[in-house]
Amino acid sequence: MDASNPDDAVLFFGVSLVLGIASRHLLRGSRVPYTVALLVLGIALGSLEYGTKDGLGKLGAGIRIWANINPDLLLAVFLPALLFESSFSMEIHQIKKCMAQMLLLAGPGVLISTFFLGTALKLTFPYNWDWKTSLLLGGLLSATDPVAVVALLKDLGASKKISTIIEGESLMNDGTAIVVYQLFYQMVLGRTFNAGSIIKFLSEVALGAVALGLAFGIVSVLWLGFIFNDTIIEISLTLAVSYIAFFTAQDALEVSGVLTVMTLGMFYAAFAKTAFKGDSQQSLHHFWEMVAYIANTLIFILSGVVIADGVLQNNIHFERHGTSWGFLLLLYVLVLVSRALVVGVLYPLLRHFGYGLDLKEATILVWSGLRGAVALSLSLSVKRTSDAVQPYLKPEVGAMFVFFTGGIVFLTLILNGSTTQFLLHLLGMDKLSATKLRILNYTRYEMLNKALEAFGDLREDEELGPADWVTVKKYITCLNNLEDERTHPHDVSDRDDHVHTMNLRDIRVRLLNGVQAAYWGMLEEGRITQATANILMRSVDEAMDLSSQSLCDWKGLRSSVHFPNYYRFLQMSRLPRRLITQFTVERLESGCYICAAFLRAHRIARRQLHDFLGDSEIARIVIDESNAVGEEARKFLEDVRVTFPQVLHVLKTRQVTYSVLTHLSEYIQNLQKTGLLEEKEMVHLDDALQTDLKKLKRNPPLVKMPRVGDLLNTHPLVGALPAAMRDPLLSNTKEAVKGHGTVLYREGSRPTGIWLVSVGIVKWTSQRLGSRHSLDPILSHGSTLGLYEALIGKSYICDMITDSVVHCFFIEAEKIEQLRQADPSIEAFLWQESALVIARVLLPRIFEKMAMHEMRVLIAERANMNIYIKGEDIELEHNTIGVLLEGFLKTRNQSLITPPGVLLPSNTDLNLFGLQSSASNRMDFCYTAPSYQVEARARIIFFEIGRADTEANLQRSMSQTVEVPRMLSKEHSGLLSWPESFRKSIGPQHASLTDIRNHPGSLSARALQLSMYGSMINVMDAGQKFRRGGLQASQKNQKQSSSYPRVPSRSSNARPLLSVQSEGSNLMSRKAPALAPAPAPAAGASRQRQRKAIEDDKSSDESAGEEEVIVRVDSPSMLSFTQAPHGN
């Protein structure tokens, strides 16, 4: 044959990839792993090239180039990428749990297998090999190849537990087997070892490799910490460090490169997974999957070529010694027996450690001991040595090593690899449990409902017309055959304790999965740091192993959350306030982030679980466990809030700053994707934002506490009032800080005033209304408590108890009555504000998912408040809910309706409102009727929760599981999210928030702004004045910027923005006197009402010229930025 061209090697590379693509594509869904097909194809290519006269031309030349590659180079090219990808993709918690089992199999297991196979080879094979040569082949065949095993497990989708044991054992086994091979290889070549030198050699090679892997991992992870949002550099670093570590280990220090890269990958899995967020994580995952796929394809095809080469190049030898084929089959049996012997001898220990091991899993462990390219490469090294001139190994010994190793690789891959899935099926290990099957069937019905909703949105358009649902459903095969009646997964006919226990374990794991997913979301949003995320993720992994017990993921966090008692003395010391803040922030930061993230993630997971399963008894037990497990986290945050309120303020400011910058970066990238910005423009803006993010990360801000006056002026109720009404009210406001569990007022007691919640959470309970159908019966900052009772003059309808440390303000009922009589528009606004709390208390299933600013948008745009006189009839539309605020109504059956009451249309499905639960016997506040007759002057607020002609159906969006960024917290929900139902409703004729703000006399608009933007309302007002002054000429025709969120549309015949109607001639408008300013209380008396936690306002005010005041931002969708003044 003519001399080959080096370019021919590229042809073989391309053909191999094509064959790999075809094998993976054609065998998808079959029981045959595609790696088996690649090995067969490689043997076929090698047979055609080496076994025929003409060969394969240029392709054959490329085959010969690759087949003659140095075995050490073969390992150095393919192994680092495959080992790093495999070890990095493993779950570190499961590695720790299974470490003892993996070490047993990779340490004593390899030695047992080596000596058993070596002894069998020496005693049964007729080749007159000495003990060193026999043990060399025995050690070589003891390496269960991670390349083959990992590829097989990924194809078969085995359980995570058995996959971790087999994959981890194959990685370690490979490293230790190579070390054993190197020992006997040097002994064969004439080097002598005594017992001490053997132990020293094994220790240095193995332990040195682990130490080197840790060193490379620490240095590269530290370097990774200085790389900020550069995916290309991050991925390139992982690739480079895996190859450099392997080369340093193998050539420079002569330790195990396999163990080095394996240790490096596991270190990354433990400490660097959270360093890759969002797109970087996806890109890293896809990159390493592609690298592993290409390497697997080439190495298995090349293995087949080498096997064919080894057999056909020495065919004269095998013709002369035909018994070698029989001894190959005998060796295959011995390999299986050695594997069974290893698992059998170590089984008592394997069953005791880690997750344990049953007989079925032990069977799979025996059968999955595949051999692959690693063993083949080592045999090629022996053959290369035997072909050279040396006195220790004859050439035929090297040929037999390649023959036997290639044969074992072929047989284990063909027989074991292709039948492992059948064995899994035979042992019943590929079946879903009864618990998971019930969840699966339940999910299919949920999918059918979602498909119907999607069809309702998509079935008709202006251009193409309607679609046919029957045909659509025919092509959704997973939704066919759903004729059986839908059953809840926890509705089991017999009260089986085992089934009950299995259901509990399953739901606990699902909730913990939701908690972990929420942690990932918070990491991407910048709410938690990488170090905090590692701690939180690890706690969830540990709790999943204990799913048979009550939820216990807080146990893994307890050691990281500590509040020393001496911190309390710091607050009372005379040290500079700024120094104390900096000291405490640094030491309490991690604990605060952990507690806040823990509570937030559990709240998200509870909501998602409740939305999916409803009021199931099993789900309720797990949800109650979730609520209870967070008590210590709440206690820690309360201690910090009472002692160092500025710490939480600083941490929240950092979170919001990071989130706003990230939001803006995503916004300009979306503008570039839609073509509104060119790439250069986008890069210019994004570079500035990335610079700000780096500054924030390296030099986080310290902020000062807001003044008491600022807190009051940014409360939606007070801040929305005109200055003439607000100032007298402020002078009669009493400030208080209430500890956890303090009763603000009791159900049935006489209303004495209202409570304005500035910071913290309040929980409501009611014996009359029942609160079990409420998942989170809490009200957070910006809420006004007791306003409805103060307006109507009735006793409180529920208990209000603080659920955290609450900073609040009290206003006496007499002052509210004076305010009510000041102006009809103010009275209407007060009734409107009172409806916020009443609606959440009466119908939590509908309204508690919504943040306060979302409720205000709903009331401003989809609510209508009317006044009716006696004798009028009221008919409700099918998509409307009414709440009777004052007055009396009657139904046709003469049932008297007293306030507060929920009015529903007839034939309403009460399940939709959560009223068919255990609290259904307490439904005396809820009424359904075709029409209602007014018995006495009545005030009713109507909510439009769904409308056929509206693009975004509010009720449907509420019934869905909300996305993670939205339901992050009752305190800070909606930080970077506009309600999904409102985002979808943008249209050309829709009113924007700017329209609401400019609505004459709209107090609700001002309250909405304060609820969303807090103190930034002043900056926004300044920006609005500038826009109105500079763009007044074109304002009429100007379209709203797409960056501004819009509220839902109103049809042409919809009611006005806010309607307070007076119907009938005998109802006259009244003119109430203006609210008289009350005398301001003495300064001393005012100070006596304040707790120590609030007394630092004066000290923080003194530095007003030195620091920028950054306060809570609830949504940055309409941010206007001005340059903050700097003191230096």
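The values are calculated or read from the model by the stated rules, or taken from the named source; none is laboratory data. Since this is a predicted model, take the numbers as computed values, not measurements. FYI the Cβ positions are ideal-geometry reconstructions off the backbone, even for glycines, and counts take in every protein chain you see. The accessibility values were calculated without ligands, DNA or RNA, using every heavy atom of the protein model including side chains. Shrake-Rupley method; radii C 1.70, N 1.55, O 1.52, S 1.80 Å.
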Rounded to whole Hz and in sequence order, give me ³J(HN,Hα) for segment 91-97 from the Karplus expression 6.51 cos²θ - 1.76 cosθ + 1.60, θ = phi - 60°, writing x for Gly and Pro. 7, 4, 5, 5, 4, 4, 5
Taking amide H atoms as placed 1.01 Å from N in the peptide plane, list the residues 5 or more away in sequence, or in a different chain, whose amide H sits under 5 Å from that of S256. A209
Which pairs break 27 Å Cα to Cα here: K652/K695; K436/K473; K273/K763; K161/K555? K273/K763
Backbone HN-Hα couplings from phi across segment 751-757 [Karplus 6.51/-1.76/1.60, Hz, Gly and Pro as x]: x, 10, x, 10, 10, 9, 8
Only four residue types carry charge here, +1 at the Cβ of Lys and Arg and -1 at the Cβ of Asp and Glu. Report the dipole size of segment 434-475 about the Cα centre in Debye, rounded to the nearest 20. 640 debye
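Just flag the trypsin sites (Lys or Arg not before Pro) in segment 16-53 sitting in loop per DSSP whose Cβ has no more than 13 other Cβ atoms within 10 Å. Could you put the intermediate results ahead of the total?
Working: sites: R24, R28, R31, K53; in loops: R28, R31, K53.
For trypsin sites (Lys or Arg not before Pro) across segment 16-53 that sit outside H, G, I, E and B with at most 13 neighbouring Cβ atoms in 10 Å, the list reads R28, K53.
Just check segment 6-427 against the gyration tensor rule for me: Cα atoms, a ≥ b ≥ c as the square roots of the eigenvalues, rounded for a/c under 1.5, and otherwise prolate or oblate depending on whether a/b exceeds b/c.
Numbers: a/c = 1.38, a/b = 1.19, b/c = 1.16.
Verdict is rounded for segment 6-427.
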In terms of modelled amide H atoms, which long-range or inter-chain residues lie less than 5 Å from the amide H of S931? R892
Take the alpha carbon gyration tensor of segment 497-698, find the square roots of its eigenvalues, order them as a ≥ b ≥ c, and report rounded if a/c is under 1.5; if not, report prolate when a/b exceeds b/c, else oblate. oblate
Inter-centroid distance (Cα atoms) of segment 437-482 relative to segment 874-890, Å: 35 Å
Net +/- balance of residues flanking L885 in space, Cβ distance below 14 Å, scoring K and R +1, D and E -1: 0
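Pairs to check: K794/K815; K738/K815; K96/K132; K132/K383. Give those whose C-alpha atoms are more than 26 Å from each other in this structure.
Numbers: K794/K815 16 Å; K738/K815 22 Å; K96/K132 36 Å; K132/K383 16 Å.
Table pairs above 26 Å Cα-Cα are K96/K132.
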Ranked by how many other beta carbons lie within 10 Å on average, peptides 206-214, 375-383, 39-47 from highest: 375-383, 39-47, 206-214
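Per residue, how many Å² of accessible area does segment 434-475 show with a 1.4 Å probe? Please report the intermediate quantities before stating the final value.
On the way: 3070 Å² over 42 residues.
Spelled out: the 1.4 Å probe surface of segment 434-475, per residue, equals 73 Å².
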Net charge of Cβ neighbours under 12 Å - reference A362; Lys, Arg +1; Asp, Glu -1: +1
Convert each backbone phi in segment 381-388 into a coupling constant with the Karplus relation 6.51 cos²θ - 1.76 cosθ + 1.60 (shift: θ = phi - 60°), then list the ³J(HN,Hα) values in order as whole Hz, x for Gly and Pro. 4, 5, 5, 4, 5, 5, 6, 6
Considering only L437, S381, L426, whose Cα is most displaced toward the positive end of the charge dipole of segment 372-438, charges sitting on Cβ of Lys, Arg (+1) and Asp, Glu (-1)? L437
What are the trypsin sites (Lys or Arg not before Pro) within segment 719-754 that DSSP puts in a loop, where the Cβ has at most 16 other Cβ atoms within 10 Å? R746
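Out of the trypsin sites (Lys or Arg not before Pro) in segment 398-480, which ones are loop residues according to DSSP with at most 12 other C-beta atoms within 10 Å?
Working: sites: K431, K436, R438, R444, K450, R459, K473, K474; in loops: K431, R459.
When the trypsin sites (Lys or Arg not before Pro) of segment 398-480 are filtered for loop state and at most 12 Cβ neighbours within 10 Å, K431 remain.
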Given backbone amide H placed at 1.01 Å from N, residues whose amide H is under 5 Å from that of G901, ignoring those fewer than 5 places away on the same chain, are L884
Once ligands and nucleic acids are excluded and a 1.4 Å probe is used, how much of H286 is accessible, expressed in Å² to the nearest 10? 100 Å²
With the dipole of segment 706-849 worked out from charges on the C-beta (+1 for Lys and Arg, -1 for Asp and Glu) around the Cα centre, which of H807, S749, S783 lies farthest toward the positive end? S749
